[in-house]
Amino acid sequence: MTSPTTGFSGPQVCRLTGVTYRQLDYWDRTGLVRPSLVAAKGSGSKRTYAYADILEVKVIKSLLDAGLHLTRARQAVDCLRLNLEAELASASLVLGENGSVLASSDGELVDLLRGGQGVFNIVPLSTVVAELTNSIANEPEKSKKVHRSA
């Protein structure tokens, strides 16, 4: 879909995921999601995000939309990064009051926050991946390519 030399600018990430630029900037500054292609280097510098970065932003946005507080979304994403060997498109997050479980397509469950029952929402990550893929496909071609700076 994208090569290592192409990426997405901050404004593109916002359009593709539905987060505000202020949220994206905050998440970069706090280490929640950092652009892996080109990091910010001071005022006015341009960040460049890879597809995997945008997917993380989209997952976080889905968690927040499902009612998780940012602290819990941060914990869930950290655990996802460590525990998810399969593709995100083949998994679902089961969100509860006191915990979250990752259900992979092969039936494996991973307790993301170590506790709780009382499921209140399920976030199928295939939907997140499909929405992002569709958004990228509908992005104007000339704005898709952002080259790395030397």
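How long is the gain from Arg15 to Ser43 if the chain were fully straight, where each residue apart is worth 0.36 nm and the alpha carbon distance is subtracted?
Values: separation 28, 0.36 × 28 = 10.08 nm, distance 2.15 nm.
Going from the current span to full extension adds 7.9 nm.
Which order do Lys46, Lys58 fall in if you start with the one that has the fewest other Cβ atoms within 10 Å?
On the way: Lys46 13, Lys58 23.
Fewest-to-most ranking of Lys46, Lys58: Lys46, Lys58.
A Förster distance of 22 Å, applied to the separation of the beta-carbon atoms of Asp78 and Tyr26, puts the FRET efficiency at 0.85. Residues Tyr26, Tyr51, Tyr21, ranked from the fewest to the most other C-beta atoms within 10 Å, line up as Tyr21, Tyr26, Tyr51. In terms of other Cβ atoms within 10 Å, Arg47, Arg74, Arg29 run from fewest to most in the order Arg29, Arg74, Arg47. Taking 0.36 nm per residue of separation and subtracting the current Cα-Cα distance, fully stretching the chain between Arg34 and Glu131 would add 32.8 nm. At 7 Å along the Cα-to-beta-carbon direction for both Glu139 and Ala66, put a label point, then send me their distance in nm to one decimal. Distance between the two pseudo-spin positions: 2.4 nm.
Bear in mind that the values in this text are calculations on the coordinates, not laboratory data. Please read these numbers as outputs of a predicted model, since none were measured by experiment. Positions of Cβ are generated from backbone atoms using ideal geometry, with glycine treated the same way; all protein chains shown enter the neighbour counts.
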